[in-house]
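Below you'll find the structure, written out as structure tokens, and then a few comments.
The values are calculated or read from the model by the stated rules, or taken from the named source; none is laboratory data. None of these values were measured; they are calculated from a predicted model. As a convention, Cβ positions derive from the backbone with ideal geometry for all residues, glycine included, and neighbour counts pool all protein chains shown. Remember, those area values only see protein heavy atoms, side chains included, never the ligands or the DNA or RNA. Shrake-Rupley method; radii C 1.70, N 1.55, O 1.52, S 1.80 Å.
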Amino acid sequence: MPGSELLANVLNRSDLVGQARQRSRAVERRRIRPIELEEAVAAGWTVKAVRKRSVTVERPKPHPTLLEDRVWSLLHRMGFSEMSGEGGATLIINPDSERRLTSQIDVVAIDDEVCVAVECKSLASRSRRPNLQQELAKHGLTREALARAMKEKGGAKRSIVLGLWTHNAILSATDRERAREQNVALLDTEDLEYYETLTRHLGPAARHQFLADLTPGRPIPGLAIRVPALESRMGGYRSYTFAISPEYLLKIAYVSHRARGKRSDIASYQRMVSRSRLRRITRYISEPDSIFPTNIVINLDPGKKGSGAHFEKAKQEAGREGATYGWLTLRPTYKSAWVIDGQHRLFAYSGHPKAATSQLSVLAFEGLPGSMQQQLFIDINAEQKSVKRSLLQELYADLHRNSEDPRKLIQALISEAVQELGRDADSPLFDRILLADSVRTETRCISLNSLFSALDKPGFYYGSVKNNLVVNPGPFWSDRADQVVKRTNAVLNAWFSAIEARAADWWAAGAGEGGGLAMNDGVTVAIMTLRSVVEHLDQGRTRLADLPPAEVIARLEPYAECLGDYFGAMSQEQRVAFRSLRGVQGQTAGMRHAQAALQERFPEFRPDGLEDFLEREKARTNDQAMSLIGDIERLLNKIVVGVLRAQFGEGDDRWWYDGVPKAVRTPVSQRQEEDNNQRGSKDAYFDLIHYRQIAIANWTLFSDLLSDTKTGSKERRTAWIARINEIRKVAAHSSSGASVSFEELSELQNYLEWIEQRAEQPLAEDADRSLDDS
């Protein structure tokens with residue numbers, strides 16, 4: 001029977017169909033009389049449907065209601081057998097007192113093994129909850145009363161799981177520590193998105209993953225099992241091979257996904273399961289003779305004080321060598337078996353009739369370290385599906401944390417530092433770093449790749465690495481790995497805090513409309529500028545690496561504030577131009593402009609390359625380059641088309657068909673047709689590089705005219721045209737932030753003077769002479 005006298009308004013799933021439909025919507029919906037419509041519209045309702053005697057209206061749910069409904073709907077889809085009704089459950093706190101105290105609980109979900117009670121706290125905008133610790137303490141006091149209610153309800157003993165789900169709340173390390181002390185799971189919107197996605201993929205099987213996160217290690221009544229197994233050693237670690245039903249393994253197994261975005265008991269590494277792949281495997285399972293010949297690979301948690309799996313050696317046959325036969329007793333707890341490989345094969349059985357009758361072959365390691373599990377996962381999947389570069393960079397934090405190679409160690413510490421920045425509620429980068437499989441939003445849009453690449457440069461951690469030693473350590477370096485992470489994060493938080501404070505609206509926009517600063521290219525420009533400031537300050541007597549973090553931050557602070565002022569003072573047009581900068585060239589241009597702003601306030605700040613960049617900008621080298629290239633192209637047209645017409649004639653466009661290769665004719669004709677022949681002749685649609693292709697195809701005609709060397713292949717002797725084309729690409733794409741150098745301008749001028757001399761020769765005579773010589 002649902003609920004009890006001590007816990008009211010708890011209903012069976014069968015009585016919650018209508019409520020589940022209503023709560024799954026993001027809007028409130030109601031039916032009103034037409035006479036009430038004007039008042040409803042004034043109150044924010046919009047018309048959904050109009051009938052003769054009624055009007056259906058709807059409006060977005062208030063944010064507290066929306067959070068509560070999303071959490072309730074999540075647990076309902078997870079398949080809990082009983083849940084609280086509308087308005088939440090009512091719990092009697094002191095049943096033996098004459099004056100009874102009650103507590104309303106937003107969401108309660110019950111099954112045969114657990115009672116989950118969740119309070120939902122939502123804020124309209126991102127800020128701290130000043131009363132969070134009192135809210136945690138109050139919710140923690142309901143545990144004993146819930147246990148009494150479950151005992152009164154009867155059945156197997158249920159564990160009490162308390163949760164506090166927040167939206168837009170900035171949670172500090174102190175908040176999380178207090179939640180641990182109260183044994184209350186502290187969850188946020190990112191967790192909600194993760195479990196919603198997981199439940200869409202797995203359905204009710206996601207409940208075991210959810211409970212494993214909230215109550216790791218909790219014994220599951222009636223799940224102790226003893227199976228025949230072979231014990232052996234692989235790579236120095238104990239392993240077992242056995243067969244087991246998917247139904248059982250689903251309850252004790254746990255798959256940690258990178259999408260959750262938080263460090264779990266071991267460094268997580270799995271990608272979110274694919275629904276299409278699950279469907280394909282489920283169809284295969286349904287076939288009469290389907291089998292899986294490959295192992296599910298798992299790691300068994302050794303537990304505390306020998307509470308893990310227990311193997312009893314059986315009587316062996318005489319002369320038997322290698323694996324030992326015996327009986328394996330598995331630890332009947334949530335999160336006791338971590339799935340390294342085979343999650344799709346396992347979860348395809350969720351809810352399937354064969355889950356209880358089929359057998360899966362399992363290779364189980366015991367106590368395999370997290371880094372080894374990760375490496376094994378990569379090794380197994382390397383030939384099946386490439387592992388994302390971003391995922392490998394996340395794994396660096398664990399795979400190479402103890403590496404003796406300083407380069408690998410530094411990369412591991414960079415990965416760890418960046419991931420911690422994303423989790424630090426006091427950091428400007430909090431919840432803004434996009435991991436391998438996390439959900440992209442307008443603010444969570446800075447990839448780990450971009451931060452990793454910007455930091456993994458000489459200057460921050462080392463000047464160089466020789467003989468496995470760090471030479472000329474940078475400001476982030478320390479002989480202790482944990483201090484490297486702390487120094488990195490302290491300096492980056494201070495640097496970006498100054499930028500955020502002085503360009504608050506731009507930073508807050510992220511990748512949304514009007515944004516562009518707190519994005520990949522924007523933060524990369526800021527870090528590149530920081531690196532140049534570090535190099536400048538390290539030219540003094542005292543190196544930053546020798547100073548405590550507070551002193552390093554103090555020396556960087558004036559530059560950080562100046563950079564923040566520079567970003568904050570940008571006009572809307574300048575912000576749009578900044579956002580359009582792309583790639584390495586664009587990032588470099590953004591850094592140079594930022595360095596110029598710093599130099600105005602700090603004249604002694606003179607980073608290498610800045611002066612040349614500013615001179616090129618002043619001279620507008622791109623415009624000059626395009627002018628020179630235009631002159632070169634006109635002369636090439638005169639030479640090439642003139643020779644072809646003289647050689648092949650103009651009648652019936654013979655020069656076009658006999659002299660221009662098909663690889664050029666096709667794109668030029670298409671371009672001419674799309675342009676409705678507005679330029680006139682076909683040669684007006686040539687690209688610069690087409691003249692080289694024509695010359696190579698008619699080399700006997702052009703070997704003397706268009707060779708800038710006397711020896712080598714025709715490709716080598718016409719490479720100068722390809723070189724000019726490369727310079728043209730830089731000059732023509734000014735939005736990339738790249739500029740043509742003075743050296744390149746001089747090069748173009750030399751080519752122009754040379755081609756002018758060639759153009760003055762009698763073209764027809766040269767062509768005839770070239771043919772005679774051949």
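If you filter region 203-229 down to residues that are touching a Ser or Thr at 6+ places or on another chain (Cβ under 6 Å) and open to solvent by 60 Å² or more (accessible area, probe 1.4 Å), you find that the one that is modelled with the lowest pLDDT is 219. The residues of region 692-722 that are of a type in the set (S, T, N, Q), outside any helix (DSSP H, G or I) and open to solvent by 10 Å² or more (accessible area, probe 1.4 Å), listed by number, are 698, 703, 707, 709, 711, 713.
Elements of the type strands (runs of 3 or more DSSP E) sitting completely within region 58-131 and holding at least 3 residues that are open to solvent by 50 Å² or more (accessible area, probe 1.4 Å) and farther than 14 Å from residue 23 by Cβ: these cover 114-127. Return a yes/no flag: does region 459-468 have any residue that is crowded, with 17+ Cβ neighbours inside 10 Å and under 25 Å from residue 566 (Cα atoms). Yes. Of all residues in region 134-151, none satisfies being in contact with a strand residue (DSSP E or B) (Cβ under 8 Å, 6 or more places away or on another chain) and assigned to a strand (DSSP E or B). Residues of region 143-174 that are surrounded by fewer than 20 Cβ atoms within 10 Å (Cβ to Cβ), closer than 22 Å to residue 74 by Cβ and polar (S, T, N, Q): 159, 168.
Would you point out the residue of region 175-202, among those that are open to solvent by less than 40 Å² (accessible area, probe 1.4 Å) and more than 18 Å from residue 69 (Cα to Cα), that is modelled with the lowest pLDDT?
Here is the first cut: in region 175-202, the residues open to solvent by less than 40 Å² (accessible area, probe 1.4 Å) are 175, 179, 184-192, 194-199, 202.
Adding the requirement that they be more than 18 Å from residue 69 (Cα to Cα) leaves 175, 179, 184-185, 202.
On the way: 175: 88, 179: 91, 184: 93, 185: 92, 202: 77.
If we take residues in region 175-202 being open to solvent by less than 40 Å² (accessible area, probe 1.4 Å) and more than 18 Å from residue 69 (Cα to Cα), then 202 is modelled with the lowest pLDDT.
Looking across region 562-598, the residues that are part of a helix (DSSP H, G or I), farther than 23 Å from residue 740 by Cα and open to solvent by less than 50 Å² (accessible area, probe 1.4 Å) come down to 562, 563, 564, 567, 568, 575, 598.
Using the structure shown, decide if residue 316 is assigned to a loop (DSSP other than H, G, I, E, B) and at pLDDT 70 or above. Walk me through how you get there before you give the answer.
On the way: assigned to a loop (DSSP other than H, G, I, E, B): yes; at pLDDT 70 or above: yes.
Yes, satisfied.
Only residues that are modelled with pLDDT under 90 and not in a loop (DSSP other than H, G, I, E, B): list them for region 153-168, please. Selection gives 153, 159. Counting only residues that are more than 30 Å from residue 206 (Cβ to Cβ), small (Gly, Ala, Ser) and out of contact with any Gly (no Cβ under 8 Å at 6 or more places or on another chain), region 230-252 holds 2 of them.
Output yes when any residue across region 357-376 is open to solvent by 60 Å² or more (accessible area, probe 1.4 Å) and modelled with pLDDT under 85, and no when none is. Steps first, please.
If we filter region 357-376 for residues that are open to solvent by 60 Å² or more (accessible area, probe 1.4 Å), which is where we start, we get 357, 359, 372, 375.
Restricting the remaining residues to those that are modelled with pLDDT under 85 gives 372, 375.
Yes, region 357-376 contains at least one residue that is open to solvent by 60 Å² or more (accessible area, probe 1.4 Å) and modelled with pLDDT under 85.
Among 509, 494, 504, 498, which is the only one that is open to solvent by 50 Å² or more (accessible area, probe 1.4 Å), closer than 27 Å to residue 579 by Cβ and not charged (D, E, K, R)? Break it down stepwise before answering.
Working: 509 fails: open to solvent by 50 Å² or more (accessible area, probe 1.4 Å); 494 fails: open to solvent by 50 Å² or more (accessible area, probe 1.4 Å); 498 fails: open to solvent by 50 Å² or more (accessible area, probe 1.4 Å).
One residue alone meets the criteria, 504.
From the list 601, 579, 575, 592, the one residue that fits, being farther than 23 Å from residue 450 by Cα and charged (D, E, K, R), is 601.
Restricting attention to region 462-476, report how many residues are among the hydrophobic types (A, V, I, L, M, F, W, C), under 15 Å from residue 405 (Cβ atoms) and either touching a helix residue (DSSP H, G or I) at 6+ places or on another chain (Cβ under 7 Å) or touching a residue at least 12 places away in the same chain (Cβ under 8 Å) (or both).
3
Within region 424-438, the set of residues being within 23 Å of residue 175 (Cβ to Cβ), in contact (Cβ under 8 Å) with a residue 40 or more places away in the chain and either surrounded by 19 or more Cβ atoms within 10 Å (Cβ to Cβ) or within 8 Å of the chain's Cα centre (by Cα) (or both) comprises 427, 428, 429, 431, 432, 435, 438.
Take residue 418 and tell me if it is aliphatic (A, V, I, L, M) and either over 21 Å from the mean Cα position of the chain (by Cα) or over 27 Å from residue 171 (Cα atoms) (or both). It would help to see each step written out before you state the result.
Details: aliphatic (A, V, I, L, M): yes; either over 21 Å from the mean Cα position of the chain (by Cα) or over 27 Å from residue 171 (Cα atoms) (or both): no.
No; evaluated as a whole, the condition is false for this residue.
Screening region 645-690 for residues that are surrounded by 17 or more Cβ atoms within 10 Å (Cβ to Cβ) and closer than 22 Å to residue 752 by Cβ and picking the one that is modelled with the lowest pLDDT gives 683.
Note on region 600-616: among residues that are in a helix (DSSP H, G or I) and out of contact with any helix residue (DSSP H, G or I) (no Cβ under 7 Å at 6 or more places or on another chain), the one that is least open to solvent (accessible area, probe 1.4 Å) is 612. Going by the conditions given, is residue 7 touching a residue at least 40 places away in the same chain (Cβ under 8 Å) and open to solvent by less than 70 Å² (accessible area, probe 1.4 Å)? It is true that residue 7 is touching a residue at least 40 places away in the same chain (Cβ under 8 Å) and open to solvent by less than 70 Å² (accessible area, probe 1.4 Å). The set of residues in region 108-147 being among the β-branched types (Val, Ile, Thr) and without any contact (Cβ under 8 Å) to a residue 40 or more places away in the chain is empty. The criterion of being over 19 Å from residue 525 (Cα atoms), among the hydroxyl-bearing types (Ser, Thr, Tyr), open to solvent by less than 40 Å² (accessible area, probe 1.4 Å) and modelled with pLDDT under 90 does not hold for residue 542.
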